[in-house]
Amino acid sequence: MISQQLNLITLQDAMDLMKVSRSTVDRWRRYKRLPYIKIGKEIYFNKEDFENWIKSHTYVEEKEFDSSYLTSNRR
């Protein structure tokens, strides 16, 4: 199959991997520039591009631990 030769994943595969709806993936394609390939009516994603896009749009909030809070609120 051509999708395996080109390392492509289907729209359904992308939805399943991210556990999101079709409308979410469509919104990402439209507004967040998620790269995709359209062959006929089918939507595919290059697996490597998809993974890189996810990494570049991932935000991990790191909260600094304030130990003074623990000592000042002791009874």
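Just so it is clear, none of the values below were taken in a lab; they were calculated from the coordinates. Small disclaimer: the values here were computed from a predicted structure and weren't measured. Reconstructed Cβ throughout: ideal geometry from the backbone, glycine too, with neighbour counts over all protein chains shown.
Annotations
- Charged side chains reduced to their Cβ positions (Lys and Arg at +1, Asp and Glu at -1) give segment 2-56 a dipole of some 340 debye around its Cα centre.
- Legend: calculated FRET efficiency, ASP13 to TYR59, from the Cβ-Cβ distance at R0 = 35 Å, rounded to 0.05, equals 0.90.
- Among LEU17, TYR31, ILE54 the positive-end extreme of the charge dipole of segment 10-60 (Cβ point charges): TYR31
- Reachable lysines, given that their alpha-carbon falls under 23 Å from the alpha-carbon of LYS32 and they are not under 8 places away in the same chain: LYS19, LYS41, LYS47, LYS55
- Of the trypsin sites (Lys or Arg not before Pro) found in segment 23-66, the ones in coil according to DSSP and having at most 16 other Cβ atoms within 10 Å of their Cβ are LYS32, ARG33, LYS41, LYS63.
- Using θ = phi - 60° in the Karplus curve 6.51 cos²θ - 1.76 cosθ + 1.60, the 3J(HN,Hα) couplings for segment 5-12 round to 5, 9, 6, 9, 10, 7, 4, 4 Hz; x is entered for Gly and Pro.
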